[in-house]
Amino acid sequence: MPKKIVILTGAGISAESGIKTFRDPDGLWEGHRPEEVATPEAFRRDPEMVYRFYNARRNRLQSGRIEPNPAHLALVRLEQAIGDSFLLVTQNVDNLHERAGTKRIIHMHGELMKKRCQYCSTISTYDRDLTTEDQCSSCGETGGMRPHIVWFGEMPFELDRIWSEVADCEVFAAIGTSGVVEPAASLVHEARRTGADTFCFSLDSPENRGAFDNFIEGKAGETVPPWVDQFIASAS
Ligand code: NAD
Ligand code: ZN
């Protein structure tokens, strides 16, 4: 049986695909302070502005200019090699892992390509911009659609499953995540506590760097593929 691996990815793995990370040097996220757009309060105060922000990000993701990069593709090779022993937990709301071919994935912070009805909680994909006029095809209510995104102050999805998978893994690798957004930043502690070998891939030293056994500095598109290939070679 191959070793169980849990991979945690963050905005940094998609940076080389042309999607901005959260914490740019100017502290802004695509020109906005994150708390201006990524909170339930912001959505209550100014839904049009929040819709504009997410519609723009979603349209850009589908523009044909954004493609999976070698790090996304390497994780697909890893999954194909070890099958059910693989789990990818992503904080990213883009769909680049799926577009690369990843199957075993949890989007703990939601998905840009999905909307959710605030009246009946139905989740669906959609192909037009979100507006305050949208009607839910499930319950028929109008104006209750929101991006299927976990905002600041909201609970990430599937935490129980993520926690138990991390407690059960032999290898835990965090790729392109700053180690400040909880509870994702604490998963490495659980992995260490239960004896996993831990790896961190990042462009610069993240907040929780000291919690990892191994730190691999550099661009994910350059550092992750050789690590994966070496792992597959040693496992076979
Ligand atoms: P973050 O922006 O806080 O940190 C990104 C980390 O990646 C940094 O430590 C940076 O040094 C590193 N990094 C940047 N470029 C890299 C590269 N080419 N290779 C390797 N590492 C690189 O991101 P986070 O920790 O994921 O937290 C941000 C939150 O914002 C998440 O909850 C996420 O949902 C959301 N977000 C998602 C996207 C997306 O879906 N692509 C983009 C921006 C923000
Ligand atoms: Zn509904």
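The values are calculated or read from the model by the stated rules, or taken from the named source; none is laboratory data. Being a predicted model, the structure only gives us computed values, none of them experimental. A quick note on method: Cβ atoms are made from the backbone with ideal geometry, for glycine too, and the neighbour counts reach across all protein chains shown.
Looking at (1) within 22 Å of VAL166 (Cα to Cα); (2) in a loop (DSSP other than H, G, I, E, B); (3) within 11 Å of ligand 1 (Cβ to nearest atom), which one does HIS97 not meet, given that it meets all the others?
(2)
Tell me which strands (runs of 3 or more DSSP E) are completely within region 120-187 and hold 1 or more residues being within 16 Å of the chain's Cα centre (by Cα) and within 14 Å of ligand 2 (Cβ to nearest atom), or say none if there are none.
Details: elements: 123-125, 145-149, 171-175.
Strands (runs of 3 or more DSSP E) meeting the threshold: 145-149.
Pick out the one residue from VAL89, VAL76 that is of a type outside the set (Lys, Arg), in a strand (DSSP E or B) and in the same structural domain as VAL181 (by TED's automatic domain parsing).
None of the other options fit; the residue is VAL89.
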